[in-house]
Amino acid sequence: MRTRMTELFGIKYPIMCGGMMWLCKPDLCAAVCNAGALGNITAANYNSGEELRQAIRKTREMTDKPFSVNLSLLPSFRITKEMYNGWLDACLAEKVAAFEISGAPVDKFFGPDAVKRIHDAGTKLIHKVGSVRHAIHAEHAGYDAVIAAGVEEGGHPLNDDVTTMVLTPRMAESVKIPVITTGGIADGRGLAAALMLGAEGVMMASRFMATKECRMNSKVKDELVVRQEFDTVLYGKTIELQGRAMKNEVIKNILEMESRHAKLEEIAPFLMGLRQTAIWDDGDIQAGLLPVGQSIGLIHNVVSCKELVEGMVKQAEELLNKAQKRFHNA
Ligand SMILES: Cc1cc2nc3c(=O)[nH]c(=O)nc-3n(C[C@H](O)[C@H](O)[C@H](O)COP(=O)(O)O)c2cc1C
């Protein structure tokens with residue numbers, strides 16, 4: 001299954017793992033890469049460029065395949081400008097294969113020479129965006145690819161609220177650089193559909209949480225299997241940082257505060273990523289925000305990354321072949 005995405009990164013299958021704070025660390029990243037997809041190290045897991053550099057080196061001890069580093073250039077209570085600069089410098093010195101950027105584009109965040117610096121290091125640059133206008137900006141700025149992130153996604157979908165089904169073909173008809181799609185993809189059906197919509201491949205995050213190699217309390221993985229597609233909710237519209245997370249007590253509190261237009265200072269303690277460690281380490285589903293996409297409804301088991309990636313490709317190929325035969329015979 002070769003596409004412009006597999007060519008761009010030099011990977012076997014057109015599948016990549018999206019950035020996940022607290023979860024995308026060397027073990028999961030290497031497992032995704034060794035399965036033939038593009039793994040991810042999320043910079044925000046580390047407090048300095050040096051810590052990130054050690055994570056990159058640790059990953060390279062476990063895989064010789066390329067992987068991306070997620071840089072979330074979003075408002076944060078924890079991350080300082082110095083940390084962002086440290087991460088960028090470390091990744092360029094280590095010549096990582098790709099950046100998956102979310103939030104502000106690198107030319108605006110780090111300055112106009114950032115794209116050249118990144119390309120000079122041999123690093124591919126991808127921006128995860130929720131609108132055609134942002135994809136066009138990325139293309140003009142010199143990015144190598146864009147990720148069309150539909151509102152179904154976990155994390156921080158853009159408040160345009162456009163679905164993957166519409167955003168992907170709109171983006172594919174609007175830019176020449178490869179479009180990768182995300183939000184609502186969890187199996188070979190989603191991969192086949194994405195290719196039909198004009199994408200060169202898919203990115204998934206929620207589905208990779210329910211893999212054997214993702215380090216988290218098994219209670220959370222069991223919950224991912226049990227919960228359904230209607231078990232997530234959007235929050236954060238009133239504070240201009242929309243997110244999608246699993247329905248739980250914390251989300252109920254946040255939505256109640258938002259309904260009475262509470263100030264950011266009141267809501268902020270509930271948004272803190274540090275609360276999430278009680279979820280991932282102890283399996284306490286009610287402890288904090290649990291980011292997850294609507295694709296949760298498509299997660300039916302916990303498998304290895306290899307089983308997941310190879311199973312998806314096999315299913316997509318079978319479906320595409322079947323469809324071709326069906327139309328041929330009609
Ligand atoms: C637990 C979790 C943590 C995430 N953390 C980040 C992050 O730190 N930075 C980022 O750009 N996106 C983050 N995301 C969003 C994903 O990278 C991806 O865009 C999205 O989840 C794709 O939708 P899906 O979950 O339906 O596959 C996170 C998603 C999840 C589920």
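The values are calculated or read from the model by the stated rules, or taken from the named source; none is laboratory data. All of these numbers come straight from a predicted model, not from anything done at the bench. Ideal geometry is used to build each Cβ from the backbone, glycine not excepted, and the neighbour counts take in all protein chains shown. SASA here: full protein model, heavy atoms, side chains in, ligands and nucleic acids out. Shrake-Rupley method; radii C 1.70, N 1.55, O 1.52, S 1.80 Å.
Looking at ALA114, is it closer than 18 Å to LYS81 by Cα and either away from the ligand (no atom under 13 Å from the Cβ) or not assigned by TED's automatic domain parsing to the domain that holds ILE56 (or both)? First the steps, then the outcome.
Values: closer than 18 Å to LYS81 by Cα: yes; either away from the ligand (no atom under 13 Å from the Cβ) or not assigned by TED's automatic domain parsing to the domain that holds ILE56 (or both): yes.
Here the answer is yes, as ALA114 does meet what is asked.
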Exercise. Can we say THR168 is within 15 Å of the ligand (Cβ to nearest atom) and open to solvent by 30 Å² or more (accessible area, probe 1.4 Å)?
Worked result: no
For this session: Return yes when PRO178 is closer than 25 Å to ALA141 by Cα, within 16 Å of the ligand (Cβ to nearest atom) and at pLDDT 95 or above and no when it is not.
Result: no
Exercise. Limited to the range 117-159, what total is found for residues that are of a type in the set (D, E, K, R) and either within 15 Å of the ligand (Cβ to nearest atom) or not assigned by TED's automatic domain parsing to the domain that holds ALA192 (or both)?
Worked result: 3
Problem set entry | Identity of the residue in the range 188-197, open to solvent by less than 30 Å² (accessible area, probe 1.4 Å) and within 15 Å of ALA149 (Cβ to Cβ), that ends up nearest to the ligand (Cβ to nearest atom) | GLY190
Problem set entry | Search result, residues across the range 28-44 that are out of contact with any Lys or Arg (no Cβ under 6 Å at 6 or more places or on another chain) and surrounded by fewer than 24 Cβ atoms within 10 Å (Cβ to Cβ) | ALA30, ASN34, ALA44
For this session: Within the range 215-272, track down each residue that is under 24 Å from the mean Cα position of the chain (by Cα) and of a type in the set (Lys, Arg).
Result: ARG215, LYS219, LYS221, ARG227, LYS237, ARG244, LYS247
Exercise. Got at least one residue in the range 73-82 being in a strand (DSSP E or B) and either touching a residue at least 12 places away in the same chain (Cβ under 8 Å) or of a type in the set (Ser, Thr, Tyr) (or both)?
Worked result: yes
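Scan the range 45-63 and tell me whether some residue there is assigned to a loop (DSSP other than H, G, I, E, B) and farther than 26 Å from LYS108 by Cα.
Within the range 45-63, one or more residues are assigned to a loop (DSSP other than H, G, I, E, B) and farther than 26 Å from LYS108 by Cα.
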For this session: Answer yes or no: is there a residue in the range 2-19 that is farther than 27 Å from LEU319 by Cβ, within 16 Å of the ligand (Cβ to nearest atom) and either outside the structural domain of LEU290 (by TED's automatic domain parsing) or touching a Pro at 6+ places or on another chain (Cβ under 8 Å) (or both).
Result: yes
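Mind listing just one residue for me: the one in the range 198-234 that is among the small types (Gly, Ala, Ser) and more than 12 Å from the ligand (Cβ to nearest atom) and, of those, most open to solvent (accessible area, probe 1.4 Å)?
SER218
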Seminar exercise, completed: Exception for HIS134 within (1) open to solvent by 10 Å² or more (accessible area, probe 1.4 Å); (2) more than 26 Å from MET171 (Cβ to Cβ) falls at (2)
For this session: Name, by its number, the condition in (1) in contact with a helix residue (DSSP H, G or I) (Cβ under 9 Å, 6 or more places away or on another chain); (2) at pLDDT 95 or above; (3) within 28 Å of THR163 (Cβ to Cβ); (4) open to solvent by less than 50 Å² (accessible area, probe 1.4 Å) that does not hold for GLU317.
Result: (4)
Exercise. Looking at the range 73-83, is at least one residue over 20 Å from ALA114 (Cβ atoms) and within 12 Å of the ligand (Cβ to nearest atom)?
Worked result: yes
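Please find, within the range 137-151, the residue that is farthest from ALA114 (Cα to Cα) out of those that are of a type outside the set (Gly, Ala, Ser) and crowded, with 23+ Cβ neighbours inside 10 Å. Step through it out loud before you land on a result.
Of all residues in the range 137-151, those of a type outside the set (Gly, Ala, Ser) come to 137, 139-140, 143-144, 146-147, 151.
Of the ones still in play, those that are also crowded, with 23+ Cβ neighbours inside 10 Å are 143, 146-147.
Details: TYR143: 11, VAL146: 17, ILE147: 19 Å.
In this case the residue turns out to be ILE147.
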